[in-house]
Amino acid sequence: MTFKQLNPTIPVSVDGKGSGFAFAVIDYGQEHHLIWVVAIDGTGEIWSAPNPKVRVQSNWTMGRKIAPPAKVEPLRTAAAATG
């Protein structure tokens, strides 16, 4: 397991929770999604969200628009289907 503190923080949006700043990433290894540790702007809550639920916020100067979330199959389901 690897825990990486982000400096600077990254403005992100967490599906179902809202916008906030990611201040750390947890990597449990190749069979798991990255886990983003995010402080939510509106509530002050801290959530650990799996990679498919986290999107970087739009940035007009970078030409980055908000895209709809991609349909991602859970890792355990995908592994069971191939096994």
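The values are calculated or read from the model by the stated rules, or taken from the named source; none is laboratory data. Please read these numbers as outputs of a predicted model, since none were measured by experiment. Virtual Cβ from ideal backbone geometry, glycine too; neighbours counted across all protein chains shown.
Mind listing whichever residues of region 11-37 are among the polar types (S, T, N, Q) and in a strand (DSSP E or B)? I'd like the intermediate steps shown before the answer.
Kept after step one, since they are among the polar types (S, T, N, Q), are these residues of region 11-37: 13, 19, 30.
Scanning region 11-37 gives Ser13, Ser19.
Inside region 16-34, can you point out the residues that are out of contact with any Lys or Arg (no Cβ under 9 Å at 6 or more places or on another chain) and within 12 Å of Arg55 (Cα to Cα)?
Result: Gly18, Ser19, Gly20, Phe21, Ala22.
Tell me which residues, restricted to region 27-41, are modelled with pLDDT of 95 or more and either of a type in the set (S, T, N, Q) or in contact with a Gly (Cβ under 9 Å, 6 or more places away or on another chain) (or both).
Correct list: Val38, Ala39, Ile40, Asp41.
Evaluate the following for Gly29: is it without any contact (Cβ under 8 Å) to a residue 40 or more places away in the chain and exposed (fewer than 13 other Cβ atoms within 10 Å of the Cβ)? First the steps, then the outcome.
Values: without any contact (Cβ under 8 Å) to a residue 40 or more places away in the chain: yes; exposed (fewer than 13 other Cβ atoms within 10 Å of the Cβ): yes.
Taking the combined requirement at face value, the residue satisfies it.
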